[in-house]
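What follows is one structure encoded as structure tokens, with my remarks underneath.
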Amino acid sequence: MSSYEVELLISVDRHGPEALHAQVERQFRDAIRSGTLRPGSEVPSTRALAKRLGISRPLVMEAYAQLAAEGYLALRQGAAPRVANTAPRQQVWVFPPESFTTTFFRYDFRPGIPDLSTFPSARWLKAVEAALKTMVPNDFGYGQRFGIWPLRQALADYLGRVRGVSADPRQILVTGGFEQARSFLAQALRRRGVSQLAVEEPGYTDRHVWLDAGLTLIPVAVDEDGIDVAALARSGAQAVLLTPAHQSPTGVVMSGARRLALATWLRDCKAVAIEDDYDGEFRYDRAPIGALQGLAPDHVVYAGTTSKTMAPALRLGWMVVPPDLLLALESELQRLDYGRSRIDQFALAHFIRTGDYDRHLRKMRAVYRDRREALLGVIRSDLPEVEVSGISAGLHASVRFSRRLNEAAIVARAHKRDIGLTFLRRHYLGAAPEESTLLLSYANMPEAALRAAFRTLVTLLND
Ligand SMILES: Cc1ncc(COP(=O)(O)O)c(C=O)c1O
């Protein structure tokens with residue numbers, strides 16, 4: 001028997017023509033046939049329902065017995081009454097298959113997913129507990145659209161300290177991750193009259209949000225120093241989307257000279273850069289490089305996320321927005337948005353303030369560094385002819401072959417072995433180079449699994 005009282009939307013009319021037990025039976029039949037009461041779901045005990053409706057228990061027992069005889073309810077001695085699994089249904093809906101944002105593979109080399117087994121659950125639980133204890137009644141209301149003030153303050157400090165971002169908390173907007181930041185920005189840029197957005201070539205594949213907002217995308221080549229700023233200046237774009245810390249997907253780190261050239265272009269042309277700092281916290285054998293935003297805070301929208309540092313499931317990120325874009329964003333938010341979970345925001349503020357965020361990052365940096373070494377080791381020994389790049393930062397490597405492989409066949413064979421795989425080619429808007437480049441994330445597999453999966457992969461390449 002359940003230890004709580006099951007709620008049910010049912011009522012009786014004492015003055016109506018229909019007998020009370022018949023009213024109960026009819027409502028159950030209707031609810032079950034229409035699907036509002038689902039097969040297998042628990043219904044109130046006869047005692048509880050009689051009490052709630054203010055009628056005698058034998059009346060409800062009679063109704064339940066009748067419903068059981070007709071196949072609607074399953075009654076078993078000592079167990080809670082339930083809707084029968086085989087109860088008659090009026091309508092069987094056909095639902096479209098739901099899409100997932102990611103398909104899961106046992107061994108996944110596709111970039112984008114951090115280690116999903118090391119989410120700091122115990123510390124996060126403490127942060128949620130602390131949040132709930134410190135929140136006052138008004139904090140449980142809707143509140144500021146840009147996000148709760150303590151989180152914006154904590155982020156301003158953290159981003160200045162760790163990423164060299166120059167931010168006043170009033171410029172910070174808490175988002176549901178970069179995906180959401182992008183939707184807001186696409187609309188706000190359009191409002192500001194931007195029609196041409198330059199994107200890195202190759203670049204992040206998810207581009208429909210910009211296109212849907214009416215922006216034209218102009219691909220601008222990325223080389224070993226990052227985006228080609230001279231080509232960007234020639235392109236006529238009024239805004240650019242880029243990933244300077246660890247170019248997505250090649251892994252190139254934008255050079256100092258290119259950063260300066262970009263900052264000059266932004267100022268001269270009063271252009272806007274959107275800096276997607278998706279995995280900027282992870283850097284290994286090179287000196288930390290701050291965010292581009294620090295060089296041109298009036299022209300750069302800096303966007304960060306917890307999706308790589310913590311887990312995509314949190315759906316929490318942030319933007320640091322130049323003051324003159326704030327108004328356009330504020331009006332977007334007024335039309336579209338009531339903000340992210342304030343309880344989670346208080347928890348994240350606590351998590352950052354107590355140093356737990358830094359501690360978790362330090363731990364994960366060491367984990368990823370070891371995995372990166374494991375991957376590099378096995379590449380060197382088992383596939384010495386390839387050229388590896390993009391490994392000084394981030395969570396994945398680019399592995400370039402000297403010839404074109406049968407990429408579709410390799411991906412299909414890998415999927416059959418439960419290995420997720422992706423090639424660079426699909427990240428181009430225009431023509432990709434002839435040679436094949438594999439993108440290999442080392443983030444979401446322990447070292448032994450990583451080596452084993454890589455060895456299997458090598459056999460697939462040679463099949
Ligand atoms: C380059 C890049 N930017 C942004 C994102 C998405 O981030 P979020 O989960 O914060 O929406 C990803 C996710 O894989 C990414 O690879």
Net charge dipole size for region 1-94 [Lys, Arg +1 and Asp, Glu -1 on Cβ; Debye, nearest 20]
140 debye
Region 193-299: which trypsin sites (Lys or Arg not before Pro) are DSSP loop and have at most 15 other beta-carbon atoms within 10 angstrom?
Lys270, Arg286
Please name whichever of Val12, Thr456, Leu329 sits farthest to the positive end of the charge dipole of the chain, dipole taken about the Cα centre and charges placed at Cβ: Lys and Arg +1, Asp and Glu -1.
Val12
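Using the number of other C-beta atoms within 10 angstrom as an exposure proxy, rank Val199, Val6, Val272 with the fewest first. Don't skip to the answer; put the middle values down first.
Numbers: Val199 22, Val6 15, Val272 26.
In increasing order of surrounding Cβ atoms, one gets Val6, Val199, Val272.
Please arrange His246, His299, His15 by counting, for each residue, the other beta carbons lying within 10 Å of its beta carbon, fewest first.
On the way: His246 26, His299 22, His15 4.
Least to most surrounded, the residues fall as His15, His299, His246.
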Given region 118-234, what percent of its DSSP beta bridges are antiparallel, to the nearest 5?
25 percent
Multiplying the sequence separation of Thr103 and Arg362 by 0.36 nm and subtracting their Cα-Cα distance, what value in nm do you get?
90.4 nm
Which value in nm describes the separation of the simple spin-label points at Met135 and Arg234, placed 7 Å from the Cα toward the beta carbon?
5.4 nm
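So what is the 222 nm mean residue ellipticity for the chain from helices alone, if each DSSP H run of at least 4 adds -39500 (n - 2.57) and you divide by all residues, rounding to the nearest 500 deg cm²/dmol?
Working: 14 runs with 184 residues, N = 463.
Rounded to the nearest 500, it is -12500 deg cm²/dmol.
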Förster radius 35 Å - calculated FRET efficiency between Lys126 and Leu211, Cβ distance, rounded to 0.05
0.25
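Can you give me the orientation-averaged projected area of the convex hull built on the Cα atoms of region 1-94, in nm²?
Values: hull surface 24.9 nm².
So the Cα hull casts an average projection of 6.2 nm².
Distance cut-off 30 Å, Cα to Cα: go down the list Lys133/Lys363; Lys308/Lys416; Lys51/Lys133 and report the pairs above it.
Details: Lys133/Lys363 28 Å; Lys308/Lys416 27 Å; Lys51/Lys133 37 Å.
Violating the 30 Å Cα-Cα cut-off are Lys51/Lys133.
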Here, Asp298 and Ala431, labelled 7 Å along Cα→Cβ, have an inter-label distance in nm of 4.2 nm
Among bridges DSSP assigns within region 121-356, what percent are antiparallel (round to 5)?
35 percent
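To the nearest 20 debye, what charge dipole does region 246-311 have about its Cα centre, counting +1 at the Cβ of each Lys and Arg and -1 at the Cβ of each Asp and Glu?
Working: 7 positive and 8 negative charges, 36 e Å.
Charge dipole, region 246-311, about its Cα centre: 180 debye, nearest 20.
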Estimated vicinal HN-Hα couplings, Hz - region 225-237 in sequence order (Karplus 6.51, -1.76, 1.60; Gly, Pro = x):
10, x, 5, 7, 5, 5, 5, 4, 4, 7, 6, x, 5
Counting other C-beta atoms within 10 Å, and keeping those with at most 13, which DSSP coil trypsin sites (Lys or Arg not before Pro) do you find in region 1-41?
Arg14
Angle between the Cα long axis of helix 356-382 and the longest principal axis of the chain, 0 to 90 degrees, nearest 10?
60 degrees
Only counting other Cβ atoms within 10 Å, I'd like Thr243, Thr36 sorted with the fewest neighbours first.
Thr36, Thr243
Counting GluC sites (Glu not before Pro) as exposed when in a DSSP loop with at most 13 other beta carbons within 10 Å, what is the longest stretch of the chain free of them?
225-384
Can you give the Rg/Rh ratio of the chain, where Rg is from the C-alpha atoms and Rh is the Kirkwood radius?
1.10
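Can you give me the Rg/Rh ratio for region 234-366, using Cα atoms for both radii and the Kirkwood formula for Rh?
Working: Rg = 16.3 Å, Rh = 16.5 Å.
Reported Rg/Rh (Cα atoms, Kirkwood Rh): 0.99.
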Debye log10 I(q)/I(0) for region 295-433, one point scatterer per Cα, at q = 0.12, 0.14 Å⁻¹
-0.82, -1.01
Considering only the chain, what is the antiparallel percent among its DSSP beta bridges, to the nearest 5?
55 percent
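How much length would be gained if the chain were fully extended between Cys269 and Ala65, taking 0.36 nm per residue of separation minus their Cα-Cα distance, in nm to one decimal?
On the way: separation 204, 0.36 × 204 = 73.44 nm, distance 7.87 nm.
Gain in length upon complete extension: 65.6 nm.
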Counting other Cβ atoms within 10 Å, keep those with at most 12, restrict to DSSP loop, and tell me which chymotrypsin sites (Phe, Trp or Tyr not before Pro) in region 1-91 are left.
Tyr4
Which one of Phe140, Tyr158, Trp93 has its Cα pushed farthest toward the positive end of the charge dipole of region 85-192, where Lys and Arg give +1 and Asp and Glu give -1 at the Cβ?
Tyr158
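Values in this text are rule-based calculations from the coordinates and carry no lab data. None of the values given here were measured: they were computed from a predicted structure. Virtual Cβ from ideal backbone geometry, glycine too; neighbours counted across all protein chains shown.
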